[in-house]
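These notes concern the structure reproduced below.
Just so it is clear, none of the values below were taken in a lab; they were calculated from the coordinates. No experiment lies behind these values; they were computed from the predicted model shown. Neighbour counts are summed over all protein chains in view; Cβ atoms, including those assigned to glycine, are modelled from backbone coordinates with ideal geometry.
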Ligand SMILES: [Zn+2]
């Protein structure tokens, strides 16, 4: 047992700060949830503290999941895609209806699902989750879920906030008057006092088939000093583009009966939404599978404040761009390397359990490693650590391993296929080894406390 006030040193095969060179046989010291030392040789002041050895482990900055819908975390398996993207949306809406017949039941089940998603994310070593939040929603749900995780690791080694949820409140106006209602709720939450486990709240104009230009414009007009992330599903499916361009296709059937006048008069093309989002303090586009060259160039031009969140296994679930079944081929692979080559900034997300079997962001990174030979492993690691943290303006606390930061770090159990000498000789080989299929991620404190759920156990020093 590690006491709350006890300082602990951890010696791992590798410290991988991602924003600087890996440190072999690196040591970090953590005290009261804060990193006190990072380096190769323990200073005298820490010589007498407890030392925990983690052979075959690398310590990384905490992972950042840039797109998730925690509310669907109680789904046991992804919802089948059906004949079209709107078909899948119908099934998602039917799932909601089938489970929640009364408002009270809805809130209670939603709370359980959100808590389960937070815990699942945490167990995979995710430390920051950008969540698309819809009503009912409560800051207390997040606070309680995070407190319950903290209670499992009552130790000075664990960070005060083991995982942080950054909610982005969904706004839409396809149904008349929904815009005022969703915006009022978002503002109510955004002006409430900050709760433990919550990041700065953002806004999410849902998608161009539910949110008009008016909604996106309103988000882009938020005062810049408030630092609100704006995130939107855009150019996700071919059916979406068909609807926007011609007002027909499967979306016409789904939207026709519910569409209000305000929305209809202001339906925005993808390009118009991208243009509006470029005025926001920060804007991320979820999926963006079918963005045009013009939109991509606009995103590249605004790379300081705009990015795309790619959700690899969700992309595969829907079979976007592909002509047949997996395995992926160059023609159906998400063109990640090409788009990064253009200067479009990318991050990774899990999306929800409605399109993904789990919320393990590390598995997403490994999937990208397997599918995208043109990318370096370091580029992939940055998308879930350093770059994501910098983009979200949390780089002072996340995305690197520095003294003074919270100990919200992620441990990776390495495989043994590549000899250590080879890893020492070439740091790129180490980055490749990290993203091999066999590696496993977990919150560092769970490994240190021997509580990981993935059969990885630490060796305790004297
Ligand atoms: Zn999504």
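Label zone (residue 253, point 7 Å along Cα-to-C-beta; backbone nitrogen cut-off 18 Å) within the range 86-130: 86-95.
For the peptides 129-140, 159-170, 21-32, residues were scored by their other Cβ atoms within 10 Å and the scores averaged per peptide; the highest-first order is 159-170, 129-140, 21-32.
Helix 178-190 and the longest principal axis of the C-alpha atoms of the chain enclose an angle of approximately 20°. Full extension of the segment from residue 301 to residue 194, taken as 0.36 nm per residue of separation minus the current Cα-Cα distance, would add 35.1 nm. In the chain, the DSSP beta bridges split such that about 40 percent are antiparallel, to the nearest 5. Overall form of the range 32-116: prolate. Here a/c, set by the Cα gyration tensor axes a ≥ b ≥ c, is 1.5 or more, and a/b is the larger of a/b and b/c. Just so you know, the Rg over Rh for the range 1-42 is 1.01, from Cα atoms, with Rh as the Kirkwood radius. One quarter of the convex hull surface built on the alpha carbon atoms of the range 174-273 amounts to 7.1 nm², the projected area averaged over directions.
Spacing of the modelled spin labels on residue 152 and residue 32, each 7 Å from Cα toward Cβ, amounts to 2.6 nm. Can you tell me the FRET efficiency between residue 116 and residue 90 if r is taken as the Cβ-Cβ distance and R0 is 25 Å, rounded to the nearest 0.05? The computed FRET efficiency comes out at 0.55. Relative contact order for the range 27-109: 11 percent, from Cα pairs under 8 Å spaced at least 6 residues apart, divided by residue count. Computed from Cα atoms, the angle from the helix 361-371 axis to the main principal axis of the chain rounds to 80 degrees.
For the range 187-344, the convex hull drawn through the C-alpha positions has a volume of 144 cubic angstrom per residue. Cβ-Cβ distance of residue 420 and residue 278, R₀ of 60 Å, FRET efficiency by 1/(1 + (r/R0)^6): the value works out to about 0.80. Computed over the alpha-carbon atoms, the chain gives an Rg to Rh ratio of 0.97, Rh here being the Kirkwood radius from the mean inverse distance. State whether the range 195-235 is rounded, prolate or oblate according to the following rule on the C-alpha gyration tensor (a ≥ b ≥ c being the square roots of its eigenvalues): a/c under 1.5 gives rounded; otherwise a/b larger than b/c gives prolate, and the remaining case gives oblate. The shape class here is oblate. Mean residue ellipticity, 222 nm, helices only, the chain: the sum of -39500 (n - 2.57) across DSSP H runs of n ≥ 4, divided by residue count and rounded to 500, is -10000 deg cm²/dmol. With a Förster radius of 30 Å applied to the beta-carbon distance between residue 135 and residue 370, the computed FRET efficiency rounds to 0.20. The protection proxy used here, the mean number of other Cβ atoms lying within 10 Å of each residue, ranks peptides 9-17, 294-302 as follows, highest first: 9-17, 294-302. The order of the peptides 106-117, 80-91, 356-367 by mean Cβ neighbours within 10 Å, most packed first, is 356-367, 106-117, 80-91. For a test of the definition: using alpha carbon positions, the gyration tensor, and the 1.5 limit on a/c, classify the range 15-170 as rounded, prolate or oblate. It is prolate, given that a/c is not under 1.5 and a/b is the larger ratio. Taking the range 208-224 and a reference point 7 angstrom along Cα→Cβ of residue 181, the backbone N atoms nearer than 18 Å belong to 210-212, 215. Here the residues 376, 441, 48, ranked from fewest to most Cβ neighbours within 10 Å of their Cβ, fall in the order 48, 376, 441.
The Kirkwood radius of the range 373-454, taken over pairs of alpha-carbon atoms, gives through the Stokes-Einstein law at 10 °C and 1.306 mPa s a diffusion coefficient of 112 µm² s⁻¹. Working from Cα pairs under 8 Å separated by at least six residues, relative contact order for the range 85-242 is 20 percent.
Once the Cα atoms are used to define both axes, helix 103-123 deviates from the longest principal axis of the chain by about 40 degrees.
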